[in-house]
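Data block below; observations after.
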Amino acid sequence: MKVDSPRFELHDADSGEPAILELSGDWVQGQTLPRFAMLRPQLTDTRATQLSLDTDNLGEWDSRLMAFLLQCRNCCDQQDIKFDASALPDSAQRLLHIATTVPRHQRQGEPPRHWWQIGNPLALLRKTGRNVVQSVAFFGAVCIALGRLLGGRANTRFVDFWHFCYQTGPNAFAIISLTSLLVGMILAYLGAAQLQQFGAEIYVADLVVIGVLREMGVLMTAVVIAGRTGAAYAAQLGTMQANEEIDAIITMGISPIEFLVTPRILALLVMMPLLTIYANLLGILGGALVSAGMGISMLQYAGHASDAVSLTHIGIGLTKSVVFGALIAIAGCRAGIQSGRDSAAVGQAATQAVVTSLIYLIVADAAINILCQQLDI
Amino acid sequence: MTDDTAVDIEVRDLTMAFGANVVQRDLNFDIKRGDIFVIIGGSGCGKSTLLKHMLGLIEPARGEILYRGESFTRATNAERDVMRRRWGITYQSGGLFGAMTLAQNISLPLQLYTDYTAAEIRDVVDYKLSLVGLGGFEGYFPAEISGGMEKRAALARAIALDPDILFFDEPSAGLDPISSRLLDELIAQLKESIGATVVMVSHELASIFEIATNSVYLDADSHTMLDYGDPRMLRDHSEQPIVRQFLSRSTEHQEEPANE
């Protein structure tokens, strides 16, 4: 099939006479098409009051011809030139008619933002302030819901609670095992390298036990759970928001905090200490493996370790685990409940959940450590 | 130009099942070029499932589907992609990408499958949006426009590549009667102008009688097709009482149902 290159030519005329736009060639894929921008100046200059088309030499055409004609038609309307489409093929006439039945929408609304408004420190500060207020409000709402639960008046389903416990706990065993074992080994290597200089390798056991019990066991567990469970909470609740499920819960007269957030928080409050105990055991075991490689027998390690273990260390670790569990659950649920209603917003909610819970974790951990230091425990 | 007797889609002995649960069995029908073909049936009979089989989103348990004489069921993924390039599809809830503006949604297929320049794509996007009455909305995100507008924007994306076959899953579901009527007219006019074949799932009887030229009725109880033909003809002359009843139930003053 021979393909002619697409062209247009405007035969101008004096006022009163119609100008004629001649379209020729094949306006199809693979051809370089003329741009309407080349015709616009001619159209604005013309004194003719009507534009007719000549399509005798027009071959095949696709949507780009229609796009060209639509621009042409709109331009003519602006110039008060009458556009006569009768020479077009039937289907093209119909399409042009459909495309021009509804008037174009003029976008109104917020004025364009300037670059200096984007990084405005005041606006940023205000946004952060609002965020903090919302966090505190959410925390308050959760406390009220937990209070109602204690009073036995909350709409919390315990089936959900067991389900979330299972999701958070047993399902996370594999990844918690891996991370805590490795953290124990890392601590042992780190300590051994330093202690060897003083010939005090045997104290690796003390270092690993105290380090894992007080700090690393619970912190690594919390990080893993923040990425695993916190993000999952945000995604679940965000999808429910997008699906209007949360609207349904509210209009049924059920508090979404009691119905959705409480069981999730309780599940984390229960599972975090249990996971931490498990992580502590494996962390100490990891230290033992490294020590064994350095010529410290399991028996020696165990002896030193059991001297180092004290209820204080364990207690601090478990206290942290409860605090971290609550913070992760609150960050995850808040991100989910306040999520937007489209797929992109659900993704943002999950990201926000993880980022917020990590910040909460680090800040809370530092605060607890400072407190312990001041109180000498 | 188009041959009246040409067949676009052939469904042969199609059985659809999820595991042991058979949704529909032994479906046999043709969709001719230029038809507006409607898949009719009560809720849960497998209308959308049938459409998903035609689109290749679900594999058939038995039987095959042919497009213009070529088997789609036995085609490789690459061959399927080539066939799909000639289709335009809208989904039940629109299927627009929430993270992209309307213009980006519509230009995506144009960028992927045509050699248009960026300026040409912009012009064509504007033209397609004007066709569905959304001229000037290119900078909006799907979440910023109403449900009816979303449906029309999805239609604009479906016709971006001037497809040969258009698939619609419940195009007017959830719209008020007037918007839904306008959308039906739009589909019929566009179909007429671009010469495409339309396959749709619908239970809006009014729109079925308004625009459909052919249909198949799927029955949820016997798990097979009961009848096949022009819906107006089926309503008045189907040999299957269930089909006549279904099609006349909500239209005015057709064959009043017996006292219950």
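The values are calculated or read from the model by the stated rules, or taken from the named source; none is laboratory data. Quick caveat, the model's predicted, so the values are computed rather than measured. All Cβ positions, even for glycine, are placed from backbone atoms using ideal geometry, and neighbour counts span all protein chains on display.
In region A:1-94, counting only strands (runs of 3 or more DSSP E) that sit wholly within it, the ones holding 2 or more residues that are within 14 Å of chain B (Cβ to nearest Cβ) span A:50-61. On the stretch given as region A:66-81, residues that are in contact with a Leu (Cβ under 9 Å, 6 or more places away or on another chain), more than 19 Å from B:V132 (Cβ to Cβ) and charged (D, E, K, R) total 0.
Tell me, which strands (runs of 3 or more DSSP E) wholly within region B:182-248 include 2 or more residues that are under 14 Å from the mean Cα position of the chain (by Cα)? Can you show your working first?
Working: elements: B:197-201, B:214-219, B:224-229.
Passing ranges, in order: B:197-201, B:214-219.
Residues that are without any contact (Cβ under 8 Å) to a residue 40 or more places away in the chain, of a type in the set (S, T, Y) and surrounded by fewer than 22 Cβ atoms within 10 Å (Cβ to Cβ) are absent from region B:202-216. For region B:30-57, a residue qualifies if it is assigned to a strand (DSSP E or B) and either within 11 Å of the chain's Cα centre (by Cα) or charged (D, E, K, R) (or both), and the qualifying residues are B:D30, B:K32, B:I36, B:F37, B:V38, B:I39.
Could you say whether any residue in region A:351-359 is surrounded by fewer than 16 Cβ atoms within 10 Å (Cβ to Cβ), within 14 Å of chain B (Cβ to nearest Cβ) and of a type in the set (V, I, T)? Yes; the residues of region A:351-359 include at least one that is surrounded by fewer than 16 Cβ atoms within 10 Å (Cβ to Cβ), within 14 Å of chain B (Cβ to nearest Cβ) and of a type in the set (V, I, T). All of A:G227, A:G238, A:G253, A:G287 fail the test of being surrounded by fewer than 21 Cβ atoms within 10 Å (Cβ to Cβ), assigned by TED's automatic domain parsing to the domain that holds A:V183 and assigned to a helix (DSSP H, G or I), apart from A:G227.
Residues in region B:139-146: is at least one within 20 Å of B:K47 (Cα to Cα) and away from chain A (no Cβ under 12 Å)? Within region B:139-146, none of the residues are within 20 Å of B:K47 (Cα to Cα) and away from chain A (no Cβ under 12 Å). Could you tell me whether B:R68 is basic (K, R), within 14 Å of chain A (Cβ to nearest Cβ) and surrounded by fewer than 19 Cβ atoms within 10 Å (Cβ to Cβ)? Against the criterion (basic (K, R), within 14 Å of chain A (Cβ to nearest Cβ) and surrounded by fewer than 19 Cβ atoms within 10 Å (Cβ to Cβ)), B:R68 does not qualify. One residue stands out among those in region B:217-233 that are touching a Leu at 6+ places or on another chain (Cβ under 6 Å) and not hydroxyl-bearing (S, T, Y): the one that is surrounded by the most Cβ atoms within 10 Å (Cβ to Cβ), which is B:M225. Only one entry in B:G98, B:G133, B:G88 is at negative phi, at the interface with another protein chain (Cβ under 8 Å from one of its Cβ atoms) and not in a helix (DSSP H, G or I), namely B:G98. Considering A:A232, A:A222, which residue is under 27 Å from A:L187 (Cβ atoms), within 23 Å of the chain's Cα centre (by Cα) and either small (G, A, S) or part of a helix (DSSP H, G or I) (or both)? The unique qualifying residue is A:A222. For region A:95-104, taking the residues that are facing chain B (nearest Cβ under 7 Å) and part of a loop (DSSP other than H, G, I, E, B), the one that is surrounded by the most Cβ atoms within 10 Å (Cβ to Cβ) is identified as A:V102.
Residues checked against (1) over 30 Å from A:L299 (Cβ atoms); (2) in contact with a helix residue (DSSP H, G or I) (Cβ under 9 Å, 6 or more places away or on another chain):
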| residue | (1), (2) |
| --- | --- |
| A:L122 | yes, no |
| A:K127 | yes, no |
| A:R130 | yes, no |
| A:G140 | yes, no |
| A:W162 | yes, yes |
| A:F173 | no, yes |
| A:M185 | no, yes |
| A:Y203 | no, yes |
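For region A:210-219, a residue qualifies if it is buried (at least 24 other Cβ atoms within 10 Å of the Cβ) and within 28 Å of the chain's Cα centre (by Cα), and the qualifying residues are A:G217, A:V218.
Yes or no, residue by residue, for (1) modelled with pLDDT under 75; (2) touching a Cys at 6+ places or on another chain (Cβ under 6 Å); (3) of a type outside the set (G, A, S):
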position: B:S222; (1), (2), (3): no, no, no
position: B:L226; (1), (2), (3): no, no, yes
position: B:G229; (1), (2), (3): no, no, no
position: B:R232; (1), (2), (3): no, no, yes
position: B:S238; (1), (2), (3): no, no, no
position: B:P241; (1), (2), (3): no, no, yes
position: B:F246; (1), (2), (3): no, no, yes
position: B:T251; (1), (2), (3): yes, no, yes
position: B:E255; (1), (2), (3): yes, no, yes
